[in-house]
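Shown next, in structure tokens, is the structure this report addresses.
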Amino acid sequence: MTTKKLTLEIEESLYEQLERVAEMSEESKETIAIRIIAGRLPSVARQAQELKEMLDSITPDQLHGEIGLEEAVDRDFI
């Protein structure tokens, strides 16, 4: 299997959680992180695809122009 290297910077609290899970499972932090990514990635990919399909299905006639909120907001502060 071909592999690629990925370097991440994460919040300290997240790192500490990852470290605790690694210690409890007696696995490396890297292995735990890979398992989490592999488990969540299909769902994230599906959600991204669904969003792309929804955005792609928008036609120009479904869009509206500016709705003029600036005028209403300006009047409220005068």
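Data for the structure
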| read-out | value |
| --- | --- |
| Where residue 78 falls short, out of the listed (1) among the hydrophobic types (A, V, I, L, M, F, W, C); (2) closer than 30 Å to residue 5 by Cβ; (3) modelled with pLDDT under 95 | (2) |
| Counted residues, region 1-32 - those being surrounded by 10 or more Cβ atoms within 10 Å (Cβ to Cβ) and under 16 Å from the mean Cα position of the chain (by Cα) | 2 |
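The values are calculated or read from the model by the stated rules, or taken from the named source; none is laboratory data. Because the structure is predicted, anything quoted here is derived from the model rather than measured. Cβ atoms come from the backbone with ideal geometry, glycine included; neighbour counts cover every protein chain shown.
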